[in-house]
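Participant: One structure, as structure tokens, below. Some questions next.
The values are calculated or read from the model by the stated rules, or taken from the named source; none is laboratory data. Since we're looking at a predicted model, the values are computed, not measured. Cβ placement follows ideal geometry from the backbone for every residue including glycine, while neighbour counts extend to all protein chains displayed. When the accessible area is computed, the model is the full protein with side chains, heavy atoms only, and any ligands, DNA or RNA have been set aside. Shrake-Rupley method; radii C 1.70, N 1.55, O 1.52, S 1.80 Å.
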Amino acid sequence: AADEARAALQRSSQGLLLWEQALPTGRWIVRPEQEAIQARFQLGSSTTVLLGEPGSGKSALLSRIGEQLSALRLPVLAVKADFLSSEVATEADLQRELQLPALPSSLILSIARTTPVYVLLDQLDALASQLDLNSGRLNVMLNLVRRVSGASNVHVLISARLFEFNHDARLRSVEAESVVLSLPPWHEVREQLVAIGVDADAWPERARDVVRTPQALKTFIALAQTGYAEPFVTYQAM
């Protein structure tokens, strides 16, 4: 039964685990925050919230962490909250949505009796009140977090944008250690640009700041691969 539960969690997690992690060149931007998160996994239990600006690479980092845990054959439930149907209003709805054999909280706590379990919930900000006025999905996800947080062998990692986390009382109610995802330093971004033949040393400061955001860097590299490699002073212009 435990093996079946682990397999069910794995199947339901593919949306996040298969999320694109690398740049269009296939290269990965090393994020030092990953070490801080994985250090918390060494505790008996942990609840961590990864915060960052839009496009800072939160989904890619959660996907990478989840993929590495899965490669070690550790049980992982990874959910992209923004992929959930707006009809999800209870944990039973969430069970059906994820096609699990039992309530997610029951499966997690059951498996945790014998081995660590990792719960990765991405983009809870997409369900915050500023963006999602007609759905109770955020309550379902937060109730799941409350049911399993603090249990021995359970490690919860959620992600959200800084603005929504700071302005939605429900998100702020999560008792978790915060890790803020900083943007990559310019010298690392410059290395990625040099790898595709772009010399950005003469770029204006604003153009450099734009491509320090991983989402913008991915977009710029995709454009550069089509032959357009001029700097942009805003992401909207790109």
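Participant: Anything in region 1-25 that is closer than 15 Å to Ser63 by Cα, open to solvent by 50 Å² or more (accessible area, probe 1.4 Å) and not acidic (Asp, Glu)? List them, or say none.
Facilitator: Of everything in region 1-25, those that are closer than 15 Å to Ser63 by Cα, open to solvent by 50 Å² or more (accessible area, probe 1.4 Å) and not acidic (Asp, Glu) turn out to be Gln10, Arg11, Gln14, Leu18, Trp19.
Participant: Only one residue in Leu94, Leu109 is in contact with a Pro (Cβ under 8 Å, 6 or more places away or on another chain) and either under 16 Å from Thr48 (Cα atoms) or crowded, with 17+ Cβ neighbours inside 10 Å (or both), so which one is that?
Facilitator: Leu94
Participant: Let me ask something else. Give the residues of region 26-43 that are in contact with a helix residue (DSSP H, G or I) (Cβ under 8 Å, 6 or more places away or on another chain), surrounded by fewer than 16 Cβ atoms within 10 Å (Cβ to Cβ) and at pLDDT 95 or above, sorted by residue number.
Facilitator: Gln38
Participant: Taking Ala78, is it in contact (Cβ under 8 Å) with a residue 40 or more places away in the chain, outside any helix (DSSP H, G or I), open to solvent by less than 20 Å² (accessible area, probe 1.4 Å) and not polar (S, T, N, Q)?
Facilitator: In short, yes.
Participant: Please state which of the following conditions Ser173 fails to meet, knowing it meets all the rest: (1) over 23 Å from Ala92 (Cβ atoms); (2) of a type in the set (Gly, Ala, Ser); (3) at pLDDT below 90.
Facilitator: Failing condition for Ser173: (1).
Participant: Are any residues in region 88-135 touching a Phe, Trp or Tyr at 6+ places or on another chain (Cβ under 9 Å), modelled with pLDDT of 95 or more and closer than 16 Å to Ile158 by Cβ, and if so, which ones?
Facilitator: Answer for region 88-135, where residues must be touching a Phe, Trp or Tyr at 6+ places or on another chain (Cβ under 9 Å), modelled with pLDDT of 95 or more and closer than 16 Å to Ile158 by Cβ: Tyr118, Asp122.
Participant: What are the residue pairs meeting all of these: first residue in region 107-119, first residue farther than 8 Å from Pro75 by Cβ, second residue loosely packed, with under 14 Cβ neighbours inside 10 Å and among the aliphatic types (A, V, I, L, M), Cβ atoms under 7 Å, and 6 or more apart or on different chains?
Facilitator: Sorted first by the residue in region 107-119, then by its partner, the pairs are Thr114/Ala2.
Participant: Just wondering, is there one or more residues in region 228-235 that are open to solvent by 20 Å² or more (accessible area, probe 1.4 Å) and not in a loop (DSSP other than H, G, I, E, B)?
Facilitator: Among the residues of region 228-235, not one is open to solvent by 20 Å² or more (accessible area, probe 1.4 Å) and not in a loop (DSSP other than H, G, I, E, B), which makes the answer no.
Participant: Moving to a separate point now. Please determine whether any residue of region 181-195 is open to solvent by 70 Å² or more (accessible area, probe 1.4 Å) and either closer than 30 Å to Ser46 by Cα or assigned to a loop (DSSP other than H, G, I, E, B) (or both).
Facilitator: No, region 181-195 has no match at all.
Participant: While we're on this one: What do you reckon, is Ser86 of a type outside the set (Asp, Glu) and buried (at least 17 other Cβ atoms within 10 Å of the Cβ)?
Facilitator: So Ser86 does not fit the description; no.
Participant: Now for a different question. Out of all the residues in region 204-227, is one or more more than 29 Å from Gln38 (Cβ to Cβ), aromatic (Phe, Trp, Tyr) and in a loop (DSSP other than H, G, I, E, B)?
Facilitator: no
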